[in-house]
1. Output the residues belonging to the stretch 404-428 that are within 20 Å of PRO628 (Cα to Cα), part of a loop (DSSP other than H, G, I, E, B) and in contact (Cβ under 8 Å) with a residue 60 or more places away in the chain.
2. Being surrounded by fewer than 20 Cβ atoms within 10 Å (Cβ to Cβ) and away from ligand 2 (no atom under 13 Å from the Cβ) is the filter here; which residues of the stretch 265-276 pass it?
3. What's the total number of residues in the stretch 549-569 that are buried (at least 22 other Cβ atoms within 10 Å of the Cβ) and either more than 27 Å from GLU350 (Cβ to Cβ) or out of contact with any strand residue (DSSP E or B) (no Cβ under 7 Å at 6 or more places or on another chain) (or both)?
4. Are there any pairs, at least 6 apart or on different chains, whose C-beta atoms fall under 6 Å, with the first in the stretch 467-482 and more than 24 Å from GLN422 (Cα to Cα) and open to solvent by less than 10 Å² (accessible area, probe 1.4 Å) and the second part of a strand (DSSP E or B) and β-branched (Val, Ile, Thr), and if so, which?
5. Return the total of residues in the stretch 355-397 being more than 13 Å from ligand 2 (Cβ to nearest atom) and under 18 Å from GLU341 (Cβ atoms).
6. Which one of GLY109, GLY71, GLY37 is at positive phi and touching a residue at least 60 places away in the same chain (Cβ under 8 Å)?
7. Of everything in the stretch 91-106 that's without any contact (Cβ under 8 Å) to a residue 60 or more places away in the chain and open to solvent by 10 Å² or more (accessible area, probe 1.4 Å), which residue is farthest from ligand 1 (Cβ to nearest atom)?
Amino acid sequence: MNQLFPMIFTPGRIGRLQAKNRLVLAPMVRNYAAEDGRATPRYVAHIERIARGGVGAIIIEASYVRQDGKGFARQLGIHEDHTVPGLRQLVKAGHRHGALMGIQLFHGGRQASGKISGFQPVAPSPINDPVVNEFPHELTAPEIADIAAAFGCAAGRAREAGFDFVELHGAHGYLIAQFLSPFSNYRKDDYGGTTENRRRFLEEVYAAVRATLGDQFPITVRLSGEETIPGGLTISDTVDTAKRLEALGAAALHISTGNYATYAMGTMIPPMAVSDGVLLPLARRVKAAVGIPVITVGKLRMPEMAEDVLTRGDADFIALGRSLLADPDWPAKTASGRRTEIRHCIACNEGCISRLFAQQPVWCTVNPETGRESAFAGLSGGNGRKLLVVGGGPGGMAAARWAVEAGFTVTLHEARAELGGQLVAAAAAPYREGWQMLRDYLIREMARLKVDVKPNSRLDAAGVLREQPWAVILATGAEPVRPSFPGGEWMSVMTGRDVLERPAPPQHRRIVIAGGGCAGAQTAEYLAHYGNEVTVLEAEGDIAIDAPSDERNLLLARLQRRGVKLMPNTRLLNMTLSSAVVLLPNETRTLPADMVVLCLGSRSMDELMAHLGDSGVPTHLIGDAVRPRKVTEAMAEGAAAVLDLLERPLEPALRQEIEALR
Ligand SMILES: Cc1cc2nc3c(=O)[nH]c(=O)nc-3n(C[C@H](O)[C@H](O)[C@H](O)COP(=O)(O)O)c2cc1C
Ligand code: SF4
């Protein structure tokens, strides 16, 4: 028995199967498959890496059972026989490390865009999904039977590939959920109206899959506990469905939440601003109603919380999604008393779900190895050579961390007294504690890996060369731009970063923020929190459009509650002693102000590169010093620079992805 987390590491049953512990990798589409749905070597290496970290069961991503249900450009398919060999490789990769292997069977219905699938979406009723917004074809009864049969055929392929269990994707507003929910099902025939009728499609899918797989093969079902939208599913509906699935012989139930229409509420894939364990009450309700195992999910990042959930009996298994992208060794570290070494998911939703929705491959912000596992496997070759990293922000610390792993001896010079770079300002605003988690983690890693950190050390080119490094990584970052405005000399003007970094925030003042990107909006929230009267101007369009959609939705709602005035399409013209003069689309207006805060972007600090470029010392420029972007890019480039120093050949596709960051 594990002394530290006995419940997590007690084996658990799913039907006839026994998982070695209570941790399940949640299904996540990654866009790592080939365009025809086949698993790629990249995908296999990724799953193998996660399995090696010790998770008890793996549920491979939502895999489309028919081409018209495909939701993402490089989603995994199980729709045709050509996918079976690749799926078999995935299964073997998991089995090699003792994980049970399951796969989620999926049809996107009206949430699958025709631009991806090549077909008009299909749905129970001819009503557009509010997010995808494409007119779907209303399925006829024979067409419904065809799709149920496609689920059955897909299940056969899953068994042929060697999977231990299958999961039906009945959650998140996809086709099965579209039938279940009065929000999307307006039918008047046997598939609509009453609860039994709306459940009929799920039962027919279940029957087709059961008929293919036989009585003993474990089938789990993922359901949205609720949809939190008028007409949407409630937890009572889901409890009813759960009982019915238990009666039909389902092996376990996996309780998530929501659909695309409610995605921005931030409970399906909870962002930074939403509490850990937000979906536990839903799992608890289902668990109280059924005797089969219940899997819970949703920002269960902390081992202590997972252990408590299991101890209280709120659920039987803990599904970890993003936590295992951020650190596949979460289970092994938890089991072996290295809990403080876990690189936690910070719930930024930038590298994973935002990239997925942009049809890009998933690349976790805090773990540059995600999806690049072969490139980073067995990192070595530094041979003690001296690497100098200039700049102690996230990019510089990532470079230092991966360089030590590769065997370099690393010295890191940071101009300021503290490490963290822009993470310091990012973490200051309310609900941004994830950035502090990342900063703390990277600082701990510097100590654990014995990086020689030199704070308060601003190096010029001569200083760099005096250190006689074998190679240099320049992670010198960017500084906020401070354009001058007429009248600026009369007004108190600061940049957003200055405001967030200074120990004493301004209080009870009238503040106009010029620049309404995510950074400006978060600075506004911070200032409003301290009783300031805040107005945000954005010259080009809407406020915070660079934030992930759920993050943005929650942030804008909080700004409204705090009385922050948002002025899209409005430009700062000039200032007086006590006002900011702004230009709206059709008028000029004078806003009373005591202070103006500029959040107008940054400028790369790349001067050292010009001086070191032809010094003969291999020198790599990374992160914001190349071009101001986000932490995801900075950390990725930091780690990728180490691969470059080692002259590791990267697969062309990966090379292209790294180049595309620039
Ligand atoms: C990139 C990404 C892809 C996802 N794809 C799926 C999917 O294929 N099927 C599914 O049921 N849920 C999917 N989800 C939701 C996760 O399974 C999980 O429920 C959610 O991320 C919350 O758990 P976490 O906080 O542990 O990440 C996805 C989430 C992410 C971040
Ligand atoms: S990108 Fe952000 S939210 Fe996604 S897994 Fe990584 S840390 Fe978590």
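1. Keep residues of the stretch 404-428 that are within 20 Å of PRO628 (Cα to Cα), which gives 414-416, 419-428.
Okay, now just the ones that are also part of a loop (DSSP other than H, G, I, E, B), so 414-416, 419-422.
Once the filter is applied, which keeps residues that are within 20 Å of PRO628 (Cα to Cα), part of a loop (DSSP other than H, G, I, E, B) and in contact (Cβ under 8 Å) with a residue 60 or more places away in the chain, the stretch 404-428 yields only GLN422.
2. MET265, SER275 - these are the residues of the stretch 265-276 that are surrounded by fewer than 20 Cβ atoms within 10 Å (Cβ to Cβ) and away from ligand 2 (no atom under 13 Å from the Cβ).
3. Matching residues across the stretch 549-569 total 3.
4. Every condition considered, no pair remains.
5. Result for the stretch 355-397: 3.
6. Values: GLY71 fails: at positive phi; GLY37 fails: touching a residue at least 60 places away in the same chain (Cβ under 8 Å).
None of the others qualify; the one that does is GLY109.
7. ARG96
Residue-wise test of (1) in a strand (DSSP E or B); (2) in contact (Cβ under 8 Å) with a residue 40 or more places away in the chain; (3) crowded, with 21+ Cβ neighbours inside 10 Å.
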| position | (1), (2), (3) |
| --- | --- |
| VAL597 | yes, yes, yes |
| HIS611 | no, yes, no |
| ASP614 | no, no, no |
| THR632 | no, yes, yes |
| ASP644 | no, no, no |
| ARG648 | no, yes, no |
| ARG655 | no, no, no |
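The values are calculated or read from the model by the stated rules, or taken from the named source; none is laboratory data. Computed from a predicted model, the values in this text were never measured in an experiment. Methodologically, a virtual Cβ is constructed for each residue, glycine included, from the backbone with ideal geometry; neighbour enumeration extends over all protein chains shown. In case anyone asks, the SASA skips ligands and DNA or RNA and just uses the protein heavy atoms, side chains included. Shrake-Rupley method; radii C 1.70, N 1.55, O 1.52, S 1.80 Å.
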